[in-house]
1. Can you pull out the strands (runs of 3 or more DSSP E) entirely within segment B:135-246 that have at least 3 residues that are touching a helix residue (DSSP H, G or I) at 6+ places or on another chain (Cβ under 7 Å)?
2. Do we have A:F161 as more than 14 Å from chain B (Cβ to nearest Cβ) and either under 24 Å from A:Y48 (Cβ atoms) or touching a residue at least 40 places away in the same chain (Cβ under 8 Å) (or both) here?
3. Checking the conditions here, which among A:A197, A:A212 is touching a Gly at 6+ places or on another chain (Cβ under 8 Å) and within 14 Å of another protein chain (Cβ to nearest Cβ)?
4. What pairs come up if the first residue lies in segment A:91-111 and is in a helix (DSSP H, G or I), the second is at pLDDT 95 or above and of a type in the set (S, T, Y), and their beta carbons are under 9 Å apart, counting only those six or more places apart or on different chains?
5. Restricting attention to segment B:285-333, which residues are surrounded by fewer than 19 Cβ atoms within 10 Å (Cβ to Cβ), among the small types (G, A, S) and under 22 Å from B:T162 (Cα atoms)?
6. Is it the case that segment B:254-268 has a residue that's buried (at least 24 other Cβ atoms within 10 Å of the Cβ) and within 17 Å of the chain's Cα centre (by Cα)?
7. Return only the number of the condition from (1) in contact with an Asp or Glu (Cβ under 8 Å, 6 or more places away or on another chain); (2) within 14 Å of chain B (Cβ to nearest Cβ) that A:S110 does not satisfy.
8. Among residues belonging to segment B:307-348 that are at pLDDT 95 or above and of a type in the set (D, E), point out the one that is farthest from B:G369 (Cα to Cα).
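The values are calculated or read from the model by the stated rules, or taken from the named source; none is laboratory data. All of these numbers come straight from a predicted model, not from anything done at the bench. Cβ atoms come from the backbone with ideal geometry, glycine included; neighbour counts cover every protein chain shown.
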Amino acid sequence: MSSVVAFFFDVLAYSSIFVLVVLGLGVIASMMGIFNFAHGEFVLLGGYTVYLFHSLGLPVWTGMVAAPFAVAMVGLVLERVVIHRFYATPIVAMLGTYAIGLALRESVRSLLGGQFYSVTAPLVGSFSFGEISISRWRTAVILITAVVMVGCYLLLTRTRFGLKVRAALENPALARASGISTSRVYAATFTFGAALAGLAGGLMVPIYAISADMGVPFLIKSFLAVMLGGMGGFEGAIAGAALVGATSAALPWAIKPVVADVLVFVIAIAIVKFRPEGLLSKWRS
Amino acid sequence: MTIDDRNHRPPSASRRLFLQRASLLSGMIALGGGSYLYNPKGVWAADPIKVGIATDLTGPISWGGIPNSQVAKMAIEQINASGGLIGRPIQMILEDTATNEQLAVTKVRKLVTQDKVDVVFGGITSSMRNAIKDTIVNRGKTLYIYPQLYEGKECMPFLFCTGPTPAQQCDTFIPWLIKNGGKKFYLPSADYVWPHVLNEYARKTIVKNGGEVIGEEYFPVDHNEYSAAVNKIMSSGVNVVFNTTIPPGVAAFFKQLNEAGFQKRGGRLACVYYDENALGITPAHEIEGLASCLDYFRAVNDPFGNQMQAQYAKLYGEKALFTAGSGSTGMYRGIKLWEAAVKEAKSVKREPVAVALDHAKISEGPGGGCEMVPGTRHVKMNMYTAVSKGGKYEIVEKSKGAVMPGECG
């Protein structure tokens, strides 16, 4: 019994972290068609913000509140200075964002002296029910992810901003003709995606410790999630993320972890073969 | 200016731009990235001895490369300050291998062919050592000294290893773990060469001392979700988790293990690369009681080590500490043993230095003196077992004299 509960909790907790990381990437990829290879480093910057607050002696949660704003500012500056030049050429955008990511990662590395540092979670320890123990901080992350997911959904489907974003995606020429400044909308979308990455990084830091490579393990699987979910819809990215996160966490319970790691990709590729448009895609409809 | 004017810019502008960019690019190529030259201070009559240091100053392994390069610089400056070596100063050429084996081969080729260094120190990971050793030793005809703790079995001539081997890290440590943890071991590991080969030795030692291995499991090196392993550990009554998973994933693993209550029920966590730098990876309470076995800890509190720590801290601060797990003690030991060998050989030529290095000995070092075991190109050294308490190590056991490396014999 206890291991069944542990299994479901751990799969849910890991999927939540994963969804949180993919959310920002998915927003940028599906709303703007840009594959942001610096996403892992945006996550890292979020984590670094929390680490900075922590090392200055401020409460960790203040850092977590500040992280999305700090990373949003970085995202906005990068979009205005560099990324907006890439919109016409997605391949160049990949290389460009990869280069930006590399520069950010190595800068943080030299700031950290190449070392790893821990940040204590605002909620320490675990809830115990008999033999079952449930990590407090992971529970908090699951709840925050749910709130953020709902918030994003409402923002993109129920607000004026969301309407403009979708309009700019579906038909940029018509959107411009209707008086929407697509360049501003793109800047705002990119900033928003960066903020989500910052939040993900901030919440992850107590679980993974801060190091320059914090975002790297998530990047490739995040792209897999976006591909799996299908471009064009933001719900698709979440579904993809949940699936990739859940299989990554669940498979090692049954088979060798090294095999499981490969199998995640095999399963994803098989799904893409049978549903090339993605799990929940609106792209071709 | 009309729009037409803008579209018909004079051609010289773009030519100028082309020339600017071309000169910038060629300048960057000519200078190369990540090469640093440290000339000896003062005026010397003799030509300098050239020492090449090839290590990972950037990339994922820079946690080890940065303190490695710093301790090398400190040791070489000390030698220069005390009158140099056989009357000559030492010039240090530092190459950043950037945690990239292909790049590293180019870098060490530069060291041995262009700079013509007399000895190369460096490499942290075994894959790095394997990538660069042939270029240094066989094609470059240069002496190579590898400083990091590793899985053993490196018996190439002219390649000397100055870090601890599996025998040194297991022979005293595993009996201690059985006595202070229990008989049931679990071996969660990262899937690369060091954990595989180390576990082979650890398993033998566990069984020989009356313990048993409940599970041995390999994870992708960048794995960061360990719930399945934690569950197996918790449900199978494991007493000792002998960990070789690596950062950054190890932070998540230790946290999950702690939150599941492994330590609370009396479990013992063990990890043989864990040094003072690694203590920062997780909050102290999550690794309370973690045991490690290395050739040096600050807590050894020997006068020589303390003095080195003070000097190192004055030069480089408290960010990348001088520790054993980063290969920094191995680097210091390597440089001092090589110094002793050059003094005996009265030459920096490879063959006579190798002959002298084969039995070189230093009476002082962090954690005590050490000596090469003749014919093995490995070092006999003191080993210490330490336990983490409140974020600091306490020494719980010291080896009876120097421990044999058990390699290439």
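1. Filter on segment B:135-246 gives B:143-146, B:184-190, B:212-219, B:240-242.
2. So A:F161 does not fit the description; no.
3. Only one candidate qualifies: A:A212.
4. A:V108/A:Y48; A:L111/A:Y48
5. The one that is surrounded by fewer than 19 Cβ atoms within 10 Å (Cβ to Cβ), among the small types (G, A, S) and under 22 Å from B:T162 (Cα atoms): B:A299.
6. no
7. A:S110 satisfies all of (1) in contact with an Asp or Glu (Cβ under 8 Å, 6 or more places away or on another chain); (2) within 14 Å of chain B (Cβ to nearest Cβ) except (1).
8. If we take residues in segment B:307-348 being at pLDDT 95 or above and of a type in the set (D, E), then B:E344 is farthest from B:G369 (Cα to Cα).
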